[in-house]
Amino acid sequence: MSVELEWTLFGLRTGTEKSFSLVLESAFSPPNPDLIQFYSHRNFIENGVPDVGTIMLFTGINGSEMPGLISDVADDSIAVDFNHQLAGKVE
């Protein structure tokens, strides 16, 4: 989280509503194309091929879990986007 975002939220109480916009560099950064991974349909054989828009948990090399958004299902691969859901958004 950026310093600008933290200062915008600082002091707000539960239930308080506030509107604001941040420049992209002060928010969640632009999407990183390197965080889109392609998997074989074989990787999803246990649960079946997911629908585009499905968010699933994936286990990383170090054992940590991370959410991934199914962004495309093609004949030869399934694309999973591991960018933060707010990446590239400023509002």
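The values are calculated or read from the model by the stated rules, or taken from the named source; none is laboratory data. As the structure is a computational prediction, the values presented were derived from the model and not from experiment. Because the Cβ atoms are built from the backbone with ideal geometry, glycine has one as well, and the counts that use them run over all protein chains shown.
When M66 is tested against (1) in a loop (DSSP other than H, G, I, E, B); (2) at pLDDT 90 or above; (3) under 12 Å from the mean Cα position of the chain (by Cα), just one condition goes unmet, and that condition is (1). Do we have E46 as over 26 Å from L5 (Cα atoms), among the acidic types (D, E) and free of Cβ contacts under 8 Å to residues at least 24 places away in the same chain here? Judged against the criteria, E46 is a match. Restricting the stretch 9-59 to residues that are at pLDDT below 80 and in a helix (DSSP H, G or I), the residue that is surrounded by the most Cβ atoms within 10 Å (Cβ to Cβ) is S26. If the condition is being more than 16 Å from the chain's Cα centre (by Cα), part of a loop (DSSP other than H, G, I, E, B) and among the aliphatic types (A, V, I, L, M), then the stretch 69-91 contributes only A74. Is it the case that F20 is of a type in the set (F, W, Y) and free of Cβ contacts under 8 Å to residues at least 12 places away in the same chain? So F20 does not fit the description; no.
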